[in-house]
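**Q** First the structure, then my questions, so here it is.
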Amino acid sequence: MKIILLVVLLVTLFFQGYSTGSTSCQGRCDEKYNSQNKCHCNSKCSQYDNCCSDYEALCNAPAPGLSCQGRCGEKYNSQNKCHCNTKCGDHNNCCSDYTSLCGSSGGGDGGSDITDAEIKSMSETLYALDSNKPSASELIIDSQARVPNSETSSQNDLSPRPLFKYLDEASLFSKPSYAAFMALLDNYERKTGTTEDFTPQQLAEQETFLREAMSNTELGRELYAFLFTKGRYSSEEEFLYDLKMMWFGLYSRYAGKMDSSGFEHIFAGEIKGGKISGFHNWLQFYRLEKQGLIDYYSHSFDGPWTSHPDVLGMQFMWDGYFKQVGSSIIGCSPEFDLAVYSLCYITRPGKQCKLSLGGKPLVIQTYTWDKSSYGNGKKYIGSAFPATP
């Protein structure tokens, strides 16, 4: 009789501890749903917000080596499966519990350690420092026909004259950053699927442009100083190397060929699938229009700026290929273009980046290239351009 009473007591205690009365997942991980339970311990409890308080710790804890427990702020170690320092977000290799345990998302999820207000302030600084931008007398454009967004695909040439009415080449192209930038534009095969093969001189031109745009201009030095103070780079050498890789590192857009880069896509433009891909630079547009290779049709967006730089969303034909909306910052220096896109990509990769130029808002959309990487998992630039309504 005593044995029977003992069994009954044990069974009662078991159900009290692990059924309706229990608020712990001890011994209950992955149990089936029971409507009588006060909280739950299966994979769907997070979805329904009814997990027991210790579910994460007992049932959903990362496997050994995949947690930031006791590792927040550690130095990078290539042997670790995931990481727990402020740069792991940039490299997309944080441990799954990094945010909850270390209190920051690093930067690869959008650079949350750098606020929108700081980015806007920095963009105003870059805007004020763009001393190499053309003056009103050095650049004159003729924007002509404007079409609604509903008609951007019509391929109607509504502008009989070129977009660029006048550019003072003698004044602008003698500036080192302009000369270095223009030297790069004829180094690319525009059709994807064709391997890019650079000569030693062309590789040297990449180095020259980065040096002239970033190291030899106050604008470029200011961008580096900002990113240095925010902990993104520890030296100018590291900064320039990262820019070289993210902008000029090759990857494949088609057929496995090393046929593209961020610089080629954004600044030079490409042809993919029978249409223009990328192409967001006003100097390349001017160069090709002067050669008779671009026919400007219309624009669907004109920014609020009344002086250079401005933003246009354009429709045009490039030697037989059409661009429905190609947005570019018009009338800025090459270093400003590079700096603004780099600022946005480094701080808001794959997201919209909110800038302020002369007190007026500008949004830059960036995209990461996710199919290959450089360094310790860093992502190349897929694209960046002014986001027009």
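The values are calculated or read from the model by the stated rules, or taken from the named source; none is laboratory data. Being a predicted model, the structure only gives us computed values, none of them experimental. FYI the Cβ positions are ideal-geometry reconstructions off the backbone, even for glycines, and counts take in every protein chain you see. SASA here: full protein model, heavy atoms, side chains in, ligands and nucleic acids out. Shrake-Rupley method; radii C 1.70, N 1.55, O 1.52, S 1.80 Å.
**Q** Report the gain in length on full extension from Glu196 to Ala183: 0.36 nm times residue separation, minus Cα-Cα distance, nm rounded to one decimal. Please report the intermediate quantities before stating the final value.
**A** Values: separation 13, 0.36 × 13 = 4.68 nm, distance 1.61 nm.
Length difference between fully extended and current span is 3.1 nm.
**Q** Assign one of three labels to region 309-377, namely rounded, prolate or oblate, based on the Cα gyration tensor with a ≥ b ≥ c the square roots of its eigenvalues; rounded applies when a/c is under 1.5, prolate when it is not and a/b is larger than b/c, and oblate otherwise. Let's see the in-between values first.
**A** On the way: a/c = 2.04, a/b = 1.17, b/c = 1.74.
Because a/c hits 1.5 or more and a/b fails to exceed b/c, region 309-377 counts as oblate.
**Q** Still on this structure, I have one more. Enter the accessible area per residue of region 308-389 (Å², integer; probe 1.4 Å; all protein chains in place). Show your work: numbers first, answer last.
**A** Details: 2480 Å² over 82 residues.
It amounts to 30 Å² per residue over region 308-389.
**Q** Taking 0.36 nm per residue of separation and subtracting the Cα-Cα distance, what length does fully extending Ser372 through Gln79 add? Don't jump to the answer; show the numbers that get you there.
**A** On the way: separation 293, 0.36 × 293 = 105.48 nm, distance 2.04 nm.
Result: 103.4 nm gained on full extension.
**Q** Residue-wise, which Karplus ³J(HN,Hα) couplings in Hz belong to region 140-157, taking 6.51 cos²θ - 1.76 cosθ + 1.60, θ = phi - 60°, and x for glycine or proline?
**A** Running phi through 6.51 cos²θ - 1.76 cosθ + 1.60 with θ = phi - 60° gives 10, 10, 10, 6, 6, 6, 10, 10, x, 4, 5, 10, 5, 8, 6, 6, 9, 7 Hz.
**Q** Please list the non-local residues whose amide H lies under 5 Å from the amide H of Cys353, H modeled 1.01 Å from N, same-chain partners needing a gap of 5 or more.
**A** Ile364, Gln365, Thr366
**Q** Report, to the nearest whole %, how much of the accessible area of region 203-250 belongs to carbon and sulfur atoms, 1.4 Å probe, protein only. Show your work: numbers first, answer last.
**A** Details: 1090 of 2100 Å².
Heavy-atom surface of region 203-250 belonging to carbon and sulfur, 1.4 Å probe: 52 percent.
**Q** If you plug each phi of region 257-270 into the Karplus form 6.51 cos²θ - 1.76 cosθ + 1.60 with θ = phi - 60°, what whole-Hz ³J(HN,Hα) values come out, in order, with x for Gly and Pro?
**A** 7, 7, 10, 8, 7, x, 5, 4, 5, 7, 8, 8, x, 9
**Q** Further question: Among the listed pairs Lys272/Lys379; Lys175/Lys272; Lys323/Lys351; Lys81/Lys244; Lys120/Lys244, which are separated by more than 30 Å between their Cα atoms? Let's see the in-between values first.
**A** Details: Lys272/Lys379 21 Å; Lys175/Lys272 33 Å; Lys323/Lys351 23 Å; Lys81/Lys244 27 Å; Lys120/Lys244 24 Å.
Over 30 Å Cα-Cα: Lys175/Lys272.
**Q** Longer than 32 Å from Cα to Cα, which of Lys165/Lys371; Lys133/Lys371; Lys165/Lys275; Lys32/Lys371 are they? Say none if no pair is. Provide the component values of the computation, followed by the final result.
**A** Working: Lys165/Lys371 41 Å; Lys133/Lys371 36 Å; Lys165/Lys275 26 Å; Lys32/Lys371 39 Å.
Distance filter (> 32 Å) returns Lys165/Lys371; Lys133/Lys371; Lys32/Lys371.
**Q** If R0 is 41 Å, what FRET efficiency do you get for Cys72 and Lys257 from their C-beta distance, rounded to 0.05? Spell out each step's value before the answer.
**A** Details: r = 42 Å, r/R0 = 1.03.
According to the calculation, E is roughly 0.45.
**Q** What is the diffusion coefficient of region 116-386 in µm²/s, taking the Kirkwood radius over Cα pairs and the Stokes-Einstein relation at 25 °C with a viscosity of 0.890 mPa s?
**A** Details: Rh = 18.9 Å.
Once the numbers are plugged in, D ends up at 130 µm²/s.
**Q** Using the Karplus equation 6.51 cos²θ - 1.76 cosθ + 1.60 (θ = phi - 60°), what ³J(HN,Hα) coupling, rounded to whole Hz, does each residue of region 114-130 give in order, writing x for Gly and Pro?
**A** Each residue's phi maps through the Karplus curve to give 10, 7, 4, 5, 5, 5, 4, 5, 5, 5, 5, 5, 4, 4, 5, 8, 6 Hz.
**Q** Using only alpha carbon pairs under 8 Å that are at least six residues apart, calculate the relative contact order of region 116-386 and give it in whole percent.
**A** Values: 483 pairs, mean separation 62.8, N = 271.
Here the relative contact order equals 23 percent.
**Q** Counting every Cα pair in region 140-211, what percent are over 14 Å apart? Intermediate results must be reported in sequence, preceding the final value.
**A** Numbers: 1886 of 2556 pairs.
Of the Cα pairs, 74 percent sit more than 14 Å apart.
**Q** Have a look at Ser300, Gly249, Asn281 and report the one farthest towards the positive end of the charge dipole of region 234-318, computed about the Cα centre with Cβ charges (Lys/Arg +1, Asp/Glu -1).
**A** In region 234-318, that residue is Ser300.
**Q** Using a Förster distance of 35 angstrom, determine the FRET efficiency expected from the C-beta separation of Ser135 and Leu293, and round it to 0.05.
**A** Working: r = 27 Å, r/R0 = 0.77.
It comes to 0.80.
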